[in-house]
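Q: This is the structure I have questions about; it appears just below.
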Amino acid sequence: RTQTIDALRETVRGFDVIVNTVPAPLIDREMIGTMGSGTFLLDLASAPGGIPACTRTDVTRIDAPGLPGRFCPASAGAAYAAAILEQEGAFPA
């Protein structure tokens, strides 16, 4: 499921997998400290990314900036657009 930025701080500890596509600092070290053991972090955002370096040995972080756009730009763009438009209230009238 997706998560709003405002609710992220309160709910991040409940996720097993977190995929970031936003090129802005969204997850901080304090939030990483609250994550469960075995959490998988995938940062696909372009620089500066949205997930800082992680020193926890029980959390996996992979930095793959711009990966979808590099290898399948049309499909990635269509998938991002569909996911955004699917969110109820994503664009206020």
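The values are calculated or read from the model by the stated rules, or taken from the named source; none is laboratory data. What you are looking at is a predicted structure, and each value in this text was computed from that prediction instead of being measured. Using ideal geometry, Cβ is built from the backbone for each residue, glycine included, and neighbour counts are taken over all protein chains shown. Accessible surface is based on the protein model in full, side chains and every heavy atom, while ligands, DNA and RNA are left aside. Shrake-Rupley method; radii C 1.70, N 1.55, O 1.52, S 1.80 Å.
Q: Identify all residues within segment 1-38 that are among the β-branched types (V, I, T) and open to solvent by 50 Å² or more (accessible area, probe 1.4 Å); write none if there are none.
A: T2, T4, I5, V17, V19, T21, V22, T34
Q: Do we find that L41 is under 22 Å from E86 (Cα atoms), at pLDDT 85 or above and surrounded by 17 or more Cβ atoms within 10 Å (Cβ to Cβ) in this structure?
A: The answer is no for L41.
Q: Still on this structure: Considering G49, G69, which residue is open to solvent by less than 70 Å² (accessible area, probe 1.4 Å) and either on the phi > 0 side of the Ramachandran plot or at pLDDT 80 or above (or both)?
A: G49
Q: Tell me which residues, restricted to segment 7-33, are under 16 Å from T57 (Cβ atoms) and of a type outside the set (D, E, K, R).
A: I32, G33
Q: Sticking with this one: Among the residues of segment 1-42, write down those that are closer than 17 Å to T55 by Cβ and in contact with an Asp or Glu (Cβ under 8 Å, 6 or more places away or on another chain).
A: Listed by number, the residues that qualify are G36, S37, G38, T39, F40.
Q: Oh, and also: What residue, among those in segment 41-88 that are touching a Leu at 6+ places or on another chain (Cβ under 8 Å) and among the aliphatic types (A, V, I, L, M), is nearest to P25 (Cα to Cα)?
A: Filtering first and then ranking leaves I51.
Q: Filter segment 35-86 for residues that are over 15 Å from the mean Cα position of the chain (by Cα) and among the acidic types (D, E) and give the result.
A: D58, E86 - these are the residues of segment 35-86 that are over 15 Å from the mean Cα position of the chain (by Cα) and among the acidic types (D, E).
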